[in-house]
4 protein chains.
Amino acid sequence: MSEILRLGRLELRVLDLEESVKYYTNVIGLEVTGREENRVYLKAWDEYDHHSIILQKSDTAGMDHMAFKVKDIYELEKLEYKIEQFGCKLSRISKGARLAEGEAVRFQLPTGHHMELYTEIEQVGTKTGNLNPDPWPDGLKGIAPHRLDHALLTGDDLKTATRFFTEVLGFRQTEKIVTVDGEDLVGSFMSVTNKGHDLAFVKGPDAKFHHAGFYVDNWYEVLKAADILTKNNVQAEVTPTRHGITRGLTVYFFDPSGNRNEAYTSGYMSYADFPTITWTEDKIGTGIFYHRRELIESFSKALT
Amino acid sequence: MSEILRLGRLELRVLDLEESVKYYTNVIGLEVTGREENRVYLKAWDEYDHHSIILQKSDTAGMDHMAFKVKDIYELEKLEYKIEQFGCKLSRISKGARLAEGEAVRFQLPTGHHMELYTEIEQVGTKTGNLNPDPWPDGLKGIAPHRLDHALLTGDDLKTATRFFTEVLGFRQTEKIVTVDGEDLVGSFMSVTNKGHDLAFVKGPDAKFHHAGFYVDNWYEVLKAADILTKNNVQAEVTPTRHGITRGLTVYFFDPSGNRNEAYTSGYMSYADFPTITWTEDKIGTGIFYHRRELIESFSKALT
Amino acid sequence: MSEILRLGRLELRVLDLEESVKYYTNVIGLEVTGREENRVYLKAWDEYDHHSIILQKSDTAGMDHMAFKVKDIYELEKLEYKIEQFGCKLSRISKGARLAEGEAVRFQLPTGHHMELYTEIEQVGTKTGNLNPDPWPDGLKGIAPHRLDHALLTGDDLKTATRFFTEVLGFRQTEKIVTVDGEDLVGSFMSVTNKGHDLAFVKGPDAKFHHAGFYVDNWYEVLKAADILTKNNVQAEVTPTRHGITRGLTVYFFDPSGNRNEAYTSGYMSYADFPTITWTEDKIGTGIFYHRRELIESFSKALT
Amino acid sequence: MSEILRLGRLELRVLDLEESVKYYTNVIGLEVTGREENRVYLKAWDEYDHHSIILQKSDTAGMDHMAFKVKDIYELEKLEYKIEQFGCKLSRISKGARLAEGEAVRFQLPTGHHMELYTEIEQVGTKTGNLNPDPWPDGLKGIAPHRLDHALLTGDDLKTATRFFTEVLGFRQTEKIVTVDGEDLVGSFMSVTNKGHDLAFVKGPDAKFHHAGFYVDNWYEVLKAADILTKNNVQAEVTPTRHGITRGLTVYFFDPSGNRNEAYTSGYMSYADFPTITWTEDKIGTGIFYHRRELIESFSKALT
């Protein structure tokens, strides 16, 4: 088991910062917790850290970096050492480089994505508080997910990516998609918690972002999410369905810059002894979209 | 208000009777209540009449007829007279022509479909019974809908079809789809009960069958239905979503002969003073598939 | 089948008008559509008539009257005649006596309750409108039921009450509770629509009000309703459960004056040929509270 | 973070073994995976280890022991050492003492309960398998939980118990109930995974068992569980509701020997930095039963 707690934040590049803030607050229903000239910081209602999403004004869409929160500074240093040993080039992001954050270790994945590990971030708490709390706060807006749940990225060499996450960072591979001959890995779903996945890679161009998954409570909330999209004139890419992989329930759509978002729920718990599930590529349609049973073109093409 | 109780039965033509019975019992989860050489009679668990679906062995798929149950013989005769006045040619189906049925009045709609009205049918009751009943019986299989809910047909002259059902049979039009200029009617949803629709027509070739809708209890049952399809290797045509029209929640698929089925739930109650809802054809995508917001080709093309 | 459309309104007596308005708008989530000195008019978001609930400032809690909407003036006159024949004393409420209402016929039931029939009321429509409508409007508050669904009253002579509603007003008895010897009627559930019940009586003191049922969409909405009660410091009398009778899903609670409210969903459809369900009094616990299987004291004692 | 994977099994003492097997297979819906003269081994459909519940024929009801699965033998030995240091007396259960199990370390908690740690157990897998699996298997019966979820025990000295689990075994305290003066701990909810709790103690007699929680997927499954209880004539102690503590959705009932069971779902994810939630004893009613807002007598009295 790893000393990494969770996917703590995603910094997404967006084209129009104000339009994006509107979308992430009104449609997704996140709360703005901080602003800088070119960045807006947001959190979901059930998260207690200062932010889980950073929107960065940019000329291109995509993911600036994803960051996992580590238990403490000792574990962070251990991981730093192991990452270096693996051959990744590291740099330090200094405290205060971004709002409410402590120091972070930044490095590039074999797939070209930028990743950070950190342990310090200001805790702002939730509106329900920690004393005799209600189960949910008043005034929720939009899809109102509980939290940022997972990220999915594309890359070319998924074996190396998987090896990095499992051997260096202590993730477990919960599911994988392999070519029918069993030779190649075309999808790799990994967890560093008891969730079905915290991070996944599917075969595709390096350094590209596929989607950010936000957790909602149940299948009715997935319906509500899909309704809210249409009410707000946001096109659903994939309407409510189940994944074969992770068993999760889902709806997919895009932010105004074309970054894909997902409202996701359910799925199983995984433990350290979870026997990895294998999907063969001929069943990838069912694996990804359990009801449709085939991929749709945009799903592999629309990347940022 | 009409003296017509409900859509009581559909007789569907199927190509392979045994394969169809397997499908309607294992996948849909209906119960066989009678058999003849070329017909099998089925009912849903929450229906008390002898059957609501008749499968008829045939060389072509499609709907032999749909039949509405009428309150009593006096009302049946009144309706017979009005139908004749409207100009439809009527015939009598004699008692016992089909299993467990009394006499029926049969006629052809302006759209070419065959329809029947009847008042007598054997009541076999439900497994939960009428004395201190449990809310659902043990041993349910498959999608296990409560009941046959509605039918959707295609036809060319929807104004006349609507006039027939509203003026002669006492249906109310709850929703309609009109061309943007308001001139033409391309969809007509009608109810003879407090449901959002019991019968609908969409513009298309005369005498064709679009789908039979079966009622399930809730959105989780729609998910279960969709899961069961994939588990049984039955292709979903439309994965779980909401209709704009009727607000209903739905999944579409086909029986082995290509007759379209729907597992449907939710939707509003309508009353005699319900103000008809209008959809303009430019919004038909949202009207039919609220989340996808556009039609899919098969949905208008695949008819039996 | 009757020409009565539905339970159109309840006028409830409340002790503190402003506190009650706060409760019915914030907790129940109705919308105020009119105000007079001693009355406030409210409707649910999915109702198109001007109001379904009238709160009347009074010294005692309870139901001033319930009113059913009739198809047209001809049917209203027919019913008036039949009611008089039955022996009830009638009076006319003149147009404008209450806001937005036309003329009404008022009479006293054999159980002592006041009832009205009417056909005219201003239609104010819904926020989703009738042109390419969304399935639900923005800005919903509280429990946000779709509509007023049914009323439950107490009375001594339920046989006569049932006879009045079935023979004079065209209701059907969908379920009944009888003493074990079958002699006495201690509960009578009646429908004038395709719902499982629009009105019910349970054995108890004459002229008393048991509860007003509001319709919510599904079991998750019942949970949300129960959560909202606690968040607003409103005591639930009966926490989320199922009724054996009607199969409905429910939570019970009280308005600030002690009038019982219910958030209700699901339940079956009933038709004119629905075989009445019988509950024997020894199973009344299961009939009322399917999971608890016994009555609670307040449920029969707390009446207004 | 701990190297303990999860609550792996409970051995429950039951009075009538065959009656209990019937209950745990038909009502709960577990599957029998092994039998000995005085023990029956069962697992839930979504568990891959050989068993999670052992029923042991006995003269008294209650919990023989609970056992947590540990990552590997090295961690098991480390924990063994730490437990001994804490002052608990340990013994070794030899491989094969119970069916399909490897060696285990057994010790007594400060509260008098017997606990075991183990790492070896035969993996029998699930019916959906690990190759292109369906999300759920056919043939499920009864409540059909995914897995054993958590246990709740009573004890006198909850501070010491909490210290043992957090300091020795690496659990985190996610929620606690304290007396209003903050002096005493009367409830302690602890997690060794990302769940809201894996184990909890409430103030009460030492060495007593409160309940075993089984995980179901959603609030509709809680309803189904409650329906199944009544259909099987099993009395629900607490009908469907929400906990304030853990936010979980729940129904409580008893096995034929009086051991309390729970069908449980939802609740939050917890991480190593989760800020412990505090409930003050004056709010314990709301904490335990969020909708009822007060305890019921049996809930603290009925222990085995």
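The values are calculated or read from the model by the stated rules, or taken from the named source; none is laboratory data. Because the structure is a prediction, the values reported are computed rather than measured. With ideal geometry, Cβ positions are generated from the backbone for all residues, glycine too; neighbour counts draw on all protein chains shown. For accessibility, only protein heavy atoms count, side chains too; no ligands or nucleic acids. Shrake-Rupley method; radii C 1.70, N 1.55, O 1.52, S 1.80 Å.
When B:S300 is tested against (1) more than 10 Å from chain A (Cβ to nearest Cβ); (2) under 24 Å from B:F171 (Cβ atoms); (3) in contact with a helix residue (DSSP H, G or I) (Cβ under 8 Å, 6 or more places away or on another chain), exactly one condition is not met: (3).
Note on the stretch C:10-21: residues that are in contact (Cβ under 8 Å) with a residue 40 or more places away in the chain and either open to solvent by 20 Å² or more (accessible area, probe 1.4 Å) or within 14 Å of another protein chain (Cβ to nearest Cβ) (or both) total 4.
Residues in the stretch C:162-173 that are part of a helix (DSSP H, G or I) and either open to solvent by 40 Å² or more (accessible area, probe 1.4 Å) or of a type in the set (D, E, K, R) (or both): how many? Give the steps one after another, and end with the answer.
The first filter runs over the stretch C:162-173 and keeps only residues part of a helix (DSSP H, G or I), leaving C:162-168.
Imposing the further condition that a residue be either open to solvent by 40 Å² or more (accessible area, probe 1.4 Å) or of a type in the set (D, E, K, R) (or both) reduces the set to C:163, C:166-167.
Qualifying residue count for the region: 3.
Quick check on my filter: what residues within the stretch B:256-291 are part of a strand (DSSP E or B) and among the charged types (D, E, K, R)? Let's see the steps before the verdict.
Let us first name the residues in the stretch B:256-291 that are part of a strand (DSSP E or B), namely B:260-265, B:277-280.
Once the filter is applied, which keeps residues that are part of a strand (DSSP E or B) and among the charged types (D, E, K, R), the stretch B:256-291 yields B:R260, B:E262.
Restricting to the stretch D:188-214, count the residues that are small (G, A, S), crowded, with 22+ Cβ neighbours inside 10 Å and in contact with a helix residue (DSSP H, G or I) (Cβ under 8 Å, 6 or more places away or on another chain). Total meeting the criteria: 2.
Would you check which residues across the stretch A:168-195 are among the charged types (D, E, K, R) and at pLDDT 95 or above and list them? Spell out how you get there, then give the answer.
Quick first cut of the stretch A:168-195, residues among the charged types (D, E, K, R) only: A:172, A:175-176, A:181, A:183-184, A:195.
Hits for the stretch A:168-195 are A:R172, A:E175, A:K176, A:D181, A:D184, A:K195.
A:R39 passes every criterion in (1) out of contact with any helix residue (DSSP H, G or I) (no Cβ under 9 Å at 6 or more places or on another chain); (2) open to solvent by 30 Å² or more (accessible area, probe 1.4 Å) apart from (1).
The test for being within 14 Å of chain B (Cβ to nearest Cβ) and either of a type in the set (D, E, K, R) or under 14 Å from the mean Cα position of the chain (by Cα) (or both) holds for C:L5. In the set (1) among the aromatic types (F, W, Y); (2) within 11 Å of another protein chain (Cβ to nearest Cβ); (3) surrounded by fewer than 24 Cβ atoms within 10 Å (Cβ to Cβ); (4) part of a strand (DSSP E or B), the condition left unmet by B:F253 is number (3).
Just one of the listed residues (D:Y264, D:Y271) is among the aromatic types (F, W, Y) and closer than 25 Å to C:E221 by Cβ, and it is D:Y264. Applying a threshold of 8 Å to beta carbon distances and a minimum spacing of six or more residues, or different chains, the list of pairs starting in the stretch B:278-290 at a residue that is free of Cβ contacts under 8 Å to residues at least 40 places away in the same chain and ending at one that is open to solvent by 30 Å² or more (accessible area, probe 1.4 Å) reads B:K283/C:N132; B:G285/B:R292; B:G285/B:R293; B:G285/B:E294; B:G285/B:L295. Looking at D:K159, D:K176, just one residue is part of a strand (DSSP E or B), over 16 Å from the mean Cα position of the chain (by Cα) and not assigned by TED's automatic domain parsing to the domain that holds D:K22, and that residue is D:K176.
In the stretch B:232-250, the qualifying residues are those that are in contact (Cβ under 8 Å) with a residue 24 or more places away in the chain and in a strand (DSSP E or B), and the one that is surrounded by the fewest Cβ atoms within 10 Å (Cβ to Cβ) is B:E237. Taken over the stretch C:288-304, the criterion of being within 18 Å of C:G155 (Cβ to Cβ) and open to solvent by less than 30 Å² (accessible area, probe 1.4 Å) is satisfied by C:I288, C:F299, C:T304.
Scanning the stretch D:73-101 for residues that are of a type outside the set (A, V, I, L, M, F, W, C), surrounded by 14 or more Cβ atoms within 10 Å (Cβ to Cβ), more than 18 Å from D:I53 (Cβ to Cβ) and touching a residue at least 12 places away in the same chain (Cβ under 8 Å) yields a count of 3.
Against the numbered list (1) in contact with a helix residue (DSSP H, G or I) (Cβ under 9 Å, 6 or more places away or on another chain); (2) surrounded by 23 or more Cβ atoms within 10 Å (Cβ to Cβ), D:A67 comes up short only at (1). If you go through the stretch A:292-304 and pick out every residue that is out of contact with any Lys or Arg (no Cβ under 8 Å at 6 or more places or on another chain) and in a loop (DSSP other than H, G, I, E, B), you end up with 5.
Filter the stretch B:110-150 down to residues that are of a type in the set (A, V, I, L, M, F, W, C) and crowded, with 21+ Cβ neighbours inside 10 Å and give me whichever is nearest to the other protein chains (Cβ to nearest Cβ). In this case the residue turns out to be B:I121.
Return yes or no: is A:A263 over 21 Å from D:S266 (Cα atoms), open to solvent by less than 10 Å² (accessible area, probe 1.4 Å), touching a Lys or Arg at 6+ places or on another chain (Cβ under 9 Å) and among the small types (G, A, S)? In short, no.
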